[in-house]
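Beneath this line is the structure, given in structure tokens, with notes to follow.
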Amino acid sequence: MQAKLIEVATGTRETVLNLTPQCQQFVTEAADGEDGLLHVFVPHATAGLAILEMGAYSDDDLLATLADLLPADNRWRHAHGSPGHGRTHVMPAFIPPFATLPVVGGSIALGTWQSIVLVDLNVDNPHRNIRLSFLS
């Protein structure tokens, strides 16, 4: 297994961040043209990973859906941080902190419109680590 830890800046607002370029760069180096599996893991209690179409407002739709499903209000028992912070700890139950994808011939086998994205509702943490692992 080969692994790499990358850091990404998420800023101070809710975001859906495309990780596909960083993931493909890692796979290109690690797979050396071979088949295998890419495992992506975000070691944070308030972020998740999804496979989503980017550039067609699906990212905005996802954030709007999460705002409806997990409102940023005072209902949450986990109440430190910014208002509604408790919802960010619930979100990974809906959008898990991991994804495993096939690699074929050294490329991630995503569909035409699919991207690997980090979903981060935590406005209190502007930096995230992502662990990439390649299994051949």
- Under 6 Å by Cβ, and 6 or more places apart or on different chains, what pairs join a residue from the stretch 105-133 that is without any contact (Cβ under 8 Å) to a residue 60 or more places away in the chain with one that is assigned to a strand (DSSP E or B)? Ala109/Pro102
- When every residue in the stretch 61-114 that is among the hydroxyl-bearing types (Ser, Thr, Tyr) and in contact with a Leu (Cβ under 7 Å, 6 or more places away or on another chain) is compared, the one surrounded by the fewest Cβ atoms within 10 Å (Cβ to Cβ) is Thr100
- Message: I'm checking my understanding of the structure. Among residues of the stretch 115-128 that are surrounded by fewer than 19 Cβ atoms within 10 Å (Cβ to Cβ) and out of contact with any Asp or Glu (no Cβ under 7 Å at 6 or more places or on another chain), which one is farthest from Thr46 (Cα to Cα)?
- Response: Pro126
- Query: So which pairs qualify, if the first residue must be in the stretch 64-88 and under 21 Å from Val42 (Cα atoms) and without any contact (Cβ under 8 Å) to a residue 40 or more places away in the chain, the second must be small (Gly, Ala, Ser) and part of a helix (DSSP H, G or I), the Cβ gap must be under 6 Å, and the two must be at least 6 apart or on different chains?
  - Reply: His78/Gly86
- Item | the stretch 37-51 - residue that is of a type in the set (Val, Ile, Thr) and not in a strand (DSSP E or B) and, of those, farthest from the chain's Cα centre (by Cα) | Thr46
- Restricting attention to the stretch 72-111, which residues are at pLDDT below 95, assigned to a loop (DSSP other than H, G, I, E, B) and not basic (Lys, Arg)? Ala72, Asp73, Asn74, Trp76, His78, Ala79, His80, Gly81, Ser82, Pro83, Gly84
- Query: Quick check, is Gly33 at pLDDT 95 or above, among the small types (Gly, Ala, Ser) and either part of a loop (DSSP other than H, G, I, E, B) or touching a Ser or Thr at 6+ places or on another chain (Cβ under 9 Å) (or both)?
  - Reply: yes
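The values are calculated or read from the model by the stated rules, or taken from the named source; none is laboratory data. Owing to the predicted nature of the structure, the values given are computational and were not obtained by experimental measurement. In this analysis, Cβ positions are derived from the backbone assuming ideal geometry, glycine residues included, and neighbour counts consider all displayed protein chains.
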